[in-house]
1. Could you tally the net charge around Leu123, taking each other residue with its Cβ under 11 Å from the Cβ of Leu123, Lys/Arg +1 and Asp/Glu -1?
2. For every helix of n ≥ 4 consecutive DSSP H residues, a contribution of -39,500 (n - 2.57) applies; sum these over the chain, divide by its total residues, and give [θ] at 222 nm rounded to the nearest 500 deg cm²/dmol.
3. Which of the peptides 105-114, 20-29 is most tightly packed, and how do the rest follow, going by the mean number of other Cβ atoms within 10 Å of each residue?
4. Given a 1.4 angstrom probe, what's the average accessible area per residue across the chain, in square angstrom?
5. Angle between the Cα long axis of helix 113-124 and the longest principal axis of the chain, 0 to 90 degrees, nearest 10?
6. Stretch Thr12-Arg147 to full length: gain in nm at 0.36 nm per residue minus the Cα-Cα span?
7. With label points built 7 Å along Cα→Cβ from the Cα atoms of Thr45 and Glu94, find their separation and express it in nm.
8. In nm, give the distance between the simple-model label positions of Arg55 and Asp121, each being 7 Å from the Cα along the Cα-to-Cβ direction.
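The values are calculated or read from the model by the stated rules, or taken from the named source; none is laboratory data. Being a predicted model, the structure only gives us computed values, none of them experimental. Because the Cβ atoms are built from the backbone with ideal geometry, glycine has one as well, and the counts that use them run over all protein chains shown. Accessible surface is based on the protein model in full, side chains and every heavy atom, while ligands, DNA and RNA are left aside. Shrake-Rupley method; radii C 1.70, N 1.55, O 1.52, S 1.80 Å.
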Amino acid sequence: MNKILVVVYSHTGTSRRLAQLLCAQMAWPMGEITETRPRAGAWGTLQCVADSLLRLRPPILYVGPDLEDFQTVVLISPIWVYRLAGPMRSFVAERFINLDRAAVVSVMGSKGGPNAAAEIDVLTGHAPLLATAFTAREVEDGSCAGRLRAFGSALQASGPDGTVLRPAVWSPEAV
């Protein structure tokens, strides 16, 4: 049986809602990345933009199960300025050794989801098992549920060698 852990970073709560839905659908545990310095107001937004443009790795904390206890890790994170959110970038860079079998779920305004998978590929040295993206609107209105369940089912059914039964990327039309 493929033991799967969901690890989420969420600045506004949208990525967390998506992670909670996936965990509820698939009965998977969840860990969460937080920042050591919170981002608030206009200054916090500027920090998010700077992290993305400069590909910075802000200091983070991880609270959750030990990654070594799982075969697969699902990384759920927002897209900032068409790139992986800085705190998730920090997590992947720090823990790449435990991310041999990672899948990626991005939450975006309208575009940039595939960029997160590409960045994780660079940071870990290999492509994610599966990657998909949802718009914030899909998460807010709940229309993401069916596609998210299909993603989880395909990942759960993946073989020990990383073979999956579906295409490597599912993205909304907006990508």
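1. +1
2. Working: 6 runs with 67 residues, N = 175.
Taking each H run of at least 4 residues, the total per residue is -11500 deg cm²/dmol.
3. With the highest mean Cβ count within 10 Å placed first, the list reads 105-114, 20-29.
4. Here the residues of the chain average 47 Å² of exposed surface.
5. 80
6. Working it through step by step, the gained length comes to 46.4 nm.
7. Between Thr45 and Glu94, the simple spin-label model gives 2.8 nm.
8. 1.4
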